[in-house]
Amino acid sequence: MTDDDLSTRLIHHAYRPPGGFEAVAPGVYKASTVIFPDVHALRTYDWKDKSGYTYGLHGTPTTFTLEQRIATLEGGEHCLLAPSGLAVISLVDMALLRSGDEVLLPDNVYGPSKTFAEVELVAWGITPRFYDPMDPQDLAAKIGPATRLVWLEAAGSVTLEFPDVPALVARVREANAQRRGEHAIVTAMDNTWGAGIAFNAFDLGADISVHALTKYPSGGADVLMGSVVTRDLALHRKILLTRMRLGLGVGSNDAELVLRGLSSMSLRYHAQDASTRELAAWMQAQPDVLRVLHPALPGSPGHDAWRRDARGAACLFTAVFDAAIPRERIDAFCDRLRVFRLGWSWAGPISLCAPYDPRSLRGQPWPGVGGLVRFAVGLEAVQDLRADLAQALDALRA
Ligand SMILES: *Cc1c(COP(=O)(O)O)cnc(C)c1O
């Protein structure tokens, strides 16, 4: 037997394991191409309706399973995956916008989404405009004949205002009532905060829900992925074909990690919510803290809309510090934290914090505000987190 014979015999080995294996975790299937049984299959298999497999980029049993579960999580019908939360945001923009169009974004939108619009979309002749999410009239005033897409986010990134989503959607529907169907404005919600648990984005009126699965569905802080869920098949197909043309897909090992996290997601969401509310209320009572932003706190922007529309809150709160406290002391406070680590992401096991300059957030000025620190509460014991905050607050007075 030559080495070449051995290669062929190993690659085309005849053994097939028996069928009927079933376990708690779905299998991990990986592929560039799939192997077709015959030419007819190669010509006719359709991946778009999930009735067949054609190429790894278009789906495997592992990624189809995750897509179906995410659609269920969010109360939608159709789901597609892409390599990150930011990738699904830019994918929706690219699928739905053309040169000459306008897109409206809330002025507290996830920062990289704003940057994508201001740099890439502008370069393609698409105009982003920013509206105040707490003022549906402002949105109505900014909708123009060229508006094609309106982004929604509840709660807003970092500043965590909870908008009246049904009122915002109502303004879009009023504008659509004046138009022919083909130019209807589409609403897309970044649903990472609500995660499909705090509320149903479609019941609040969104046409599209995008979700950074990087956060709660993964829960492990070890994988990046995003999803786009819709109830409308035509909208799903449009975005799906753009994803195909861009060559975006996810690896099955990553999909497996998200499938693993998904089983415990609801428990984690509610546990982290409880810890976060406790810490946010405690922080609000500290003399060095001007205020705490968290929609469940009375007085926090959008508290009433949150109470009406949400059944929970994500693991984020933001402490606002007085302008009298210099930035170096806020930085020292963050540096002194031991259980909270420094980092951007959230919804993983480890609690995180990050300082923000108020001048970089929202269009409006923040009178009397020196700095903000956003906290993401993990799965540690809440008393350890509270003690960590208490010891680090000394640094503000140093
Ligand atoms: C993290 C995040 C994203 C982006 O997700 P990545 O997977 O990190 O790209 C988008 N929107 C919100 C609200 C996020 O918190």
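The values are calculated or read from the model by the stated rules, or taken from the named source; none is laboratory data. The structure presented is a predicted model; accordingly, all values stated were derived computationally and were not measured. Cβ atoms come from the backbone with ideal geometry, glycine included; neighbour counts cover every protein chain shown. Surface areas here come from the heavy atoms of the whole protein model, side chains and all, with no ligands, DNA or RNA. Shrake-Rupley method; radii C 1.70, N 1.55, O 1.52, S 1.80 Å.
Within this structure, Tyr131 fails the test of being modelled with pLDDT of 95 or more and open to solvent by 20 Å² or more (accessible area, probe 1.4 Å).
Restricting attention to the stretch 45-100, the residues that are more than 21 Å from Asp254 (Cβ to Cβ) and either of a type in the set (Ser, Thr, Tyr) or open to solvent by 30 Å² or more (accessible area, probe 1.4 Å) (or both) add up to 10. Scanning the stretch 188-220 for residues that are of a type in the set (Ser, Thr, Tyr) and surrounded by fewer than 23 Cβ atoms within 10 Å (Cβ to Cβ) yields a total of 0.
Looking at the stretch 136-145, is at least one residue in contact (Cβ under 8 Å) with a residue 12 or more places away in the chain, acidic (Asp, Glu) and either crowded, with 23+ Cβ neighbours inside 10 Å or not in a loop (DSSP other than H, G, I, E, B) (or both)? There is no residue in the stretch 136-145 that is in contact (Cβ under 8 Å) with a residue 12 or more places away in the chain, acidic (Asp, Glu) and either crowded, with 23+ Cβ neighbours inside 10 Å or not in a loop (DSSP other than H, G, I, E, B) (or both). Of all positions in the stretch 335-356, at least one carries a residue that is open to solvent by less than 20 Å² (accessible area, probe 1.4 Å), in a loop (DSSP other than H, G, I, E, B) and away from the ligand (no atom under 16 Å from the Cβ). When the stretch 35-72 is filtered for residues that are of a type in the set (A, V, I, L, M) and more than 20 Å from Val229 (Cβ to Cβ), the ones remaining, listed by number, are Ile35, Val39, Ala41, Leu42. Within the stretch 247-274, the set of residues being closer than 14 Å to Ile70 by Cα and either touching a Cys at 6+ places or on another chain (Cβ under 6 Å) or among the basic types (Lys, Arg) (or both) comprises Arg260 only. Residues that are among the hydroxyl-bearing types (Ser, Thr, Tyr) and under 16 Å from Glu77 (Cβ atoms) within the stretch 175-228 comprise Ser209, Ser227, listed in sequence order. Whenever a residue of the stretch 213-230 is away from the ligand (no atom under 12 Å from the Cβ) and hydroxyl-bearing (Ser, Thr, Tyr), its partners that are in a loop (DSSP other than H, G, I, E, B) and at pLDDT 95 or above, lying with C-beta atoms within less than 7 angstrom and at least six residues away or across chains, give the pairs Thr230/Gly76; Thr230/Glu77; Thr230/Asp207.
If you check Asp388, Asp394 for being at pLDDT 90 or above and either buried (at least 19 other Cβ atoms within 10 Å of the Cβ) or more than 22 Å from Gly85 (Cα to Cα) (or both), only one passes: Asp388. Can you tell me which residue among Leu290, Leu246, Leu240 is outside the structural domain of Arg359 (by TED's automatic domain parsing), open to solvent by 30 Å² or more (accessible area, probe 1.4 Å), out of contact with any Ser or Thr (no Cβ under 6 Å at 6 or more places or on another chain) and touching a residue at least 12 places away in the same chain (Cβ under 8 Å)? Only one candidate passes the filter, namely Leu246. Among all residues of the stretch 46-64, there is none that is more than 30 Å from Gly125 (Cβ to Cβ), within 15 Å of the ligand (Cβ to nearest atom) and touching a residue at least 60 places away in the same chain (Cβ under 8 Å).
Looking only at the stretch 77-93, decide whether some residue is more than 16 Å from the ligand (Cβ to nearest atom), modelled with pLDDT of 95 or more and in a loop (DSSP other than H, G, I, E, B). Walk me through how you get there before you give the answer.
As a first pass, look at the stretch 77-93 and keep what is more than 16 Å from the ligand (Cβ to nearest atom): 77-78.
Within this subset, residues satisfying the condition of being modelled with pLDDT of 95 or more are 77-78.
Of the ones still in play, those that are also in a loop (DSSP other than H, G, I, E, B) are 77.
Yes, because at least one residue in the stretch 77-93 is more than 16 Å from the ligand (Cβ to nearest atom), modelled with pLDDT of 95 or more and in a loop (DSSP other than H, G, I, E, B).
Whenever a residue of the stretch 93-116 is assigned by TED's automatic domain parsing to the domain that holds Tyr356, it has no partner that is open to solvent by less than 50 Å² (accessible area, probe 1.4 Å) lying with C-beta atoms less than 8 angstrom away and at least six residues away or across chains.
From the list Asp203, Asp207, which residue is acidic (Asp, Glu), in contact (Cβ under 8 Å) with a residue 12 or more places away in the chain and touching a strand residue (DSSP E or B) at 6+ places or on another chain (Cβ under 9 Å)?
Asp207
Just to be sure, is Ala117 in contact with a Pro (Cβ under 6 Å, 6 or more places away or on another chain) and surrounded by 24 or more Cβ atoms within 10 Å (Cβ to Cβ)? Yes: the conditions hold for Ala117.
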